[in-house]
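Q: Pasting in a structure now, in structure tokens, and then I'll have a few things to ask.
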């Protein structure tokens, strides 16, 4: 049973990592300056666009390889809470026809929260830095 659970956690970690990496990459490729202007227009300091995109890009890679899973996931939780409250909540769960709702953001938040709480050591770079604590798990 434990093996099946860990395989599921690895899939969750990698899929979340790839998703955030692609979102961060798209922000930089699409013109991060435009994202910064949009942030300003909704009342968030423009420099935060660089912070968010950087967390998504670097954090996505970190999750894929399994480095700092709990910390990165906690950062993703904060990003999703911010996105839901500041942008998506006003358009509702399913959106308004012009903008997507917060249903996907909520799913990402739940995935990240799970990883922040539980971590993911199997097939991760972090397992080489942490002493064997399998007796505790």
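The values are calculated or read from the model by the stated rules, or taken from the named source; none is laboratory data. Computed from a prediction, not measured in an experiment: that's the story for all the values here. Reconstructed Cβ throughout: ideal geometry from the backbone, glycine too, with neighbour counts over all protein chains shown.
Q: Restricting to region 1-32, and then to whatever is modelled with pLDDT of 95 or more and more than 16 Å from the chain's Cα centre (by Cα), can you tell me which residue is surrounded by the fewest Cβ atoms within 10 Å (Cβ to Cβ)?
A: 29
Q: Can we say residue 57 is closer than 20 Å to residue 107 by Cβ, buried (at least 19 other Cβ atoms within 10 Å of the Cβ) and without any contact (Cβ under 8 Å) to a residue 40 or more places away in the chain?
A: Considered against the rule, which asks whether it is closer than 20 Å to residue 107 by Cβ, buried (at least 19 other Cβ atoms within 10 Å of the Cβ) and without any contact (Cβ under 8 Å) to a residue 40 or more places away in the chain, residue 57 comes out as no.
Q: When you go through 89, 78 one by one, which is the residue that is without any contact (Cβ under 8 Å) to a residue 12 or more places away in the chain and over 21 Å from residue 5 (Cα atoms)?
A: From the options 89, 78, the qualifying one is 78.
Q: Name the pairs whose Cβ atoms lie under 7 Å apart, with the first residue in region 101-112 and without any contact (Cβ under 8 Å) to a residue 24 or more places away in the chain and on the phi < 0 side of the Ramachandran plot, the second assigned to a helix (DSSP H, G or I) and surrounded by 20 or more Cβ atoms within 10 Å (Cβ to Cβ), and 6 or more positions between them or separate chains?
A: 101/88; 102/88
Q: Here's something else I'd like to know. Can you tell me how many residues in region 49-96 are part of a loop (DSSP other than H, G, I, E, B) and closer than 17 Å to residue 119 by Cβ?
A: Residues that pass the stated criteria total 3.
Q: Given the options 90, 110, 116, 83, name the one that is exposed (fewer than 14 other Cβ atoms within 10 Å of the Cβ) and under 14 Å from the mean Cα position of the chain (by Cα).
A: None of the others qualify; the one that does is 110.
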